[in-house]
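Following: one structure in structure tokens, then a few remarks.
Read the figures in this text as sums done on the coordinates, not as results from a lab. What you see is a predicted model; the values in this text were computed from it and never measured. Here the Cβ positions follow ideal geometry from the backbone for every residue, glycine too, while neighbour counts run over all protein chains shown.
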Amino acid sequence: MNKLNKYDLITIGAGSGGIAASRRAASYGAKVLLIESSRIGGTCVLRGCIPKKLLMYASEMKSLFDEASAFGWTEVMSIFDMNR
């Protein structure tokens, strides 16, 4: 018997879509095999959307610190060093 016949779903790629599909199928009782050649998470989580959003939020911090005095904060340091 072919070993692959033991699974109801074989998902190639553990990005957000592959993980979601595999979890959904498993929640209904399916036997799932998830195949990934690299790290789990996919492009969006590891190299695309999420890292980009973190960098965008970090770039907005200076202006937020500059406005902090209007809300009672004093001596808010807004020094950013990419090498840290």
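Quick look at the values:
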item	result
Filtered residues of the stretch 7-22 (kept if in a helix (DSSP H, G or I) and either in contact with a Pro (Cβ under 6 Å, 6 or more places away or on another chain) or touching a residue at least 24 places away in the same chain (Cβ under 8 Å) (or both))	SER16, GLY17, GLY18
Filter pass, MET82 being part of a loop (DSSP other than H, G, I, E, B) and on the phi < 0 side of the Ramachandran plot	yes
The stretch 33-51 residues that are within 10 Å of GLY15 (Cβ to Cβ), paired with ones that are among the small types (Gly, Ala, Ser) (beta carbon under 6 Å, 6 or more apart)	GLU36/ALA14; ILE40/ALA14; GLY42/GLY15; GLY42/SER16; CYS44/SER16
Residue count for the stretch 29-68, restricted to those that are loosely packed, with under 12 Cβ neighbours inside 10 Å and touching an Asp or Glu at 6+ places or on another chain (Cβ under 9 Å)	2
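Residue by residue, here is whether (1) of a type outside the set (Asp, Glu); (2) assigned to a helix (DSSP H, G or I) holds:
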{"residue": "ARG24", "(1), (2)": "yes, yes"}
{"residue": "GLY29", "(1), (2)": "yes, no"}
{"residue": "CYS44", "(1), (2)": "yes, yes"}
{"residue": "LYS52", "(1), (2)": "yes, yes"}
{"residue": "LEU55", "(1), (2)": "yes, yes"}
{"residue": "GLU60", "(1), (2)": "no, yes"}
{"residue": "GLU67", "(1), (2)": "no, yes"}
{"residue": "ALA70", "(1), (2)": "yes, yes"}
